[in-house]
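Each remark here refers to the structure printed beneath this line.
Derivation of every value follows stated rules applied to the coordinates shown; laboratory data play no part. Keep in mind that this is a model prediction, so the values were computed, not measured. Ideal geometry is used to build each Cβ from the backbone, glycine not excepted, and the neighbour counts take in all protein chains shown.
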Amino acid sequence: MFSYLTRRVVYGALVLLGVNLATFFLFFTVNTPDDMARLEAAKGVEFDRLFLEYMIRHHEGALTMVKDLFASPGAAQESEVFAFASDVEADQTAEIDRMGGMLNTLMKERRR
């Protein structure tokens, strides 16, 4: 998945942003190995459904990190950090809404 160096760099950045280790783990482990095996075995509409569900869960992890950051006293005081976290929140919310709409359309088509 991610290299050790990538994980360390991302973790270091999150620590600097005030995100705790539990939140970091939530973000990178929202989808279990069983989930990934299910996705790998899925075909067609089932793959699309699982992919969207897992990506929504992944993006919700980013929103949890932002929520935790903003809830931490003294965190996100620097304008760059605040702007970055606000952008993450807006972007991830938009992506969740977009993927949720795709998932709803997929499920409606599946019921036909």
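Taking neighbour counts of Cβ atoms within 10 Å as a proxy for exposure, in what order, fewest first, do Asp48, Asp68, Asp87 appear?
Lowest to highest Cβ neighbour count: Asp87, Asp48, Asp68.
Within segment 50-86, report the chymotrypsin sites (Phe, Trp or Tyr not before Pro) that DSSP leaves as loop and that have at most 16 other Cβ atoms within 10 Å.
Here no chymotrypsin sites (Phe, Trp or Tyr not before Pro) fit, given the DSSP loop and packing criteria.
Which GluC sites (Glu not before Pro) from segment 31-112 combine a DSSP loop assignment with at most 16 other Cβ atoms within 10 Å?
Glu78
How do Arg112, Arg98 line up, fewest other C-beta atoms within 10 Å first?
Arg112, Arg98
Skipping prolines and chain starts, which residues have an amide H placed within reach, meaning under 5 Å, of the one on Asn31, given they are 5 or more residues away or on another chain?
Residues meeting the criterion, in which the H sits 1.01 Å from N, do not exist here.
Quick one: compute a quarter of the convex hull surface over the Cα atoms of segment 25-112 and quote it in nm².
Seen from a random direction, the Cα hull of segment 25-112 projects 6.5 nm² on average.
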